[in-house]
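Notes follow once the structure below has been shown.
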Amino acid sequence: MRVLFIGGTGVISSACSQLAVERGIDLYLLNRGATQRVPPPGAQIIRADIRNVEETRRALGALQFDAVVNWIAYTPAHIQTDLELFRERTAQYVFISSASVYQKPPVSLPITESAALFNPHWQYSRDKIACENILTHAYRETQFPATIVRPSHTYDQTKIPLPGKWTAVERMRRGKPVIVHGDGTSLWTLTHHRDFAQGFLGLLGNTHALGEAFHITSDEILTWNQIAEILARAAGATPRFIHIASEFIAAFDAEWGAGLLGDKAHSAIFDNTKLKRAVPDFVAAIPFTQGAREMLAWFDADPARRVVDPQLDQVMDRIIAANDAGLRAAR
């Protein structure tokens with residue numbers, strides 16, 4: 001197959017690019033070359049800014065593709081651009097949406113692809129829903145060959161899943177308390193990017209995927225307490241966790257709060273039956289205990305990677321102090 005990735009060097013897409021090349025796909029990556037991640041040997045690079053339609057059209061020339069995947073489309077305007085660029089150029093168009101589009105809080109668990117799409121808390125999710133609506137309409141009205149993929153919390157060795165990322169780990173190692181939202185018992189799904197790639201590549205060129213939406217997640221279910229504890233063990237630290245309500249956190253940091261109230265504060269368990277029917281050999285095999293060890297090894301290999309955000313560190317201290325003061329006053 002000849003496949004075009006728009007982007008292709010991000011956290012999720014880098015694993016998909018590597019696996020695509022390993023499987024013999026004729027892979028093209030269209031991007032501006034601004035990433036620090038090295039594309040896999042064998043991928044052909046097209047330098048262009050996808051936001052510039054004419055520049056992209058010139059860069060693509062007469063190329064035709066079996067599949068085009070846009071890893072960096074976030075708004076309806078981005079989708080409209082892609083409809084203009086790729087309507088006559090590809091046999092399949094894959095939009096990378098997000099599992100955060102599902103109704104929050106979820107009405108039932110596990111979540112299937114037929115769950116309602118509604119997120120009043122997070123603009124990012126509402127924009128993704130709007131993009132999906134455009135593509136669904138284009139498929140139904142003009143048979144535009146769209147496939148929608150909804151990743152949940154997908155990570156690699158560079159992406160620590162706690163707020164503040166390395167800041168949280170550094171707090172653990174210094175013996176400072178780390179905030180865990182709510183009571184830490186809500187359920188969450190973390191997916192290693194190499195596992196994601198196994199499911200994703202099976203959808204490319206797959207006729208059963210046209211006009212359909214799929215989420216791709218691990219089947220491992222963890223509480224946020226367990227996630228924090230696994231990271232602390234990998235860091236060689238004794239964990240000190242402070243449980244604080246998501247609404248209280250949002251009062252101090254609106255962006256952090258939106259990500260909690262619009263996504264992470266709610267349990268997220270996914271039914272991958274639909275994906276496994278379309279891609280029978282998909283198995284998510286990497287547990288988070290392994291993923292956490294990979295993270296800590298990567299960060300510890302280079303001091304330059306261990307960057308603490310002093311502003312967020314101070315915000316965390318203020319949130320904890322205010323929460324403690326409230327508890328004392330309540331007594």
- Query: How much FRET efficiency would the formula 1/(1 + (r/R0)^6) give for Gln64 and Gln123, where r is the Cβ-Cβ distance and R0 is 41 Å, rounded to 0.05?
  - Reply: 0.70
- Message: Please report the spacing between the Cα centers of region 159-179 and region 1-72 in Å, no decimals.
- Response: 34 Å
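Relative to the present Cα-Cα distance, how much length would full extension add between Thr185 and Asn206 at 0.36 nm per residue of separation?
Computed gain between Thr185 and Asn206 is 3.8 nm.
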- Which angle from 0 to 90°, rounded to the nearest 10, does the C-alpha axis of helix 123-142 make with the longest principal axis of the chain? 20 degrees
- Message: Please compute the modelled spin-label separation between Leu109 and Ala245, points set 7 Å along Cα→Cβ, answer in nm with one decimal.
- Response: 2.1 nm
- Item | Model label zone, His137; criterion: amide N under 20 Å from point 7 Å along Cα-to-beta-carbon; scope region 71-93 | 73-88, 93
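What full-extension length gain, to one decimal in nm, is calculated for Leu327 and Glu22 as 0.36 nm per residue of separation minus the Cα-Cα distance?
Here the answer is 104.2 nm.
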- Take Ala91, project a point 7 Å from its Cα along the Cβ direction, then tell me which residues of region 147-164 have their backbone nitrogen under 17 Å from it. 147
- Task: Decide, for region 224-307, between rounded, prolate and oblate: order the square roots of the alpha carbon gyration tensor eigenvalues as a ≥ b ≥ c, take rounded if a/c falls under 1.5, and otherwise choose prolate if a/b is larger than b/c, else oblate.
- Result: oblate
- Item | Three-way shape label, region 1-103, alpha-carbon gyration tensor, a/c 1.5 | rounded
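I need the shape label for the chain. Rule: rounded when a/c is under 1.5, else prolate if a/b > b/c, else oblate, with a, b, c from the alpha carbon gyration tensor.
On the way: a/c = 1.92, a/b = 1.65, b/c = 1.17.
The shape class here is prolate.
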- Within the chain, what is the number of lysine pairs with alpha carbons under 16 Å apart, leaving out pairs fewer than eight places apart on the same chain? 5
- Which residues in region 162-200 have a backbone N closer than 14 Å to a point placed 7 Å from the Cα of Gln36 along the Cα-to-Cβ line? 166
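Given a Förster distance of 51 angstrom, what is the FRET efficiency for Arg173 paired with Ile269, based on the Cβ-Cβ distance and rounded to 0.05?
The computed FRET efficiency comes out at 0.95.
Quick note: the coordinates plus some simple rules give every number you see, no bench work behind them. As the structure is a computational prediction, the values presented were derived from the model and not from experiment. Methodologically, a virtual Cβ is constructed for each residue, glycine included, from the backbone with ideal geometry; neighbour enumeration extends over all protein chains shown.
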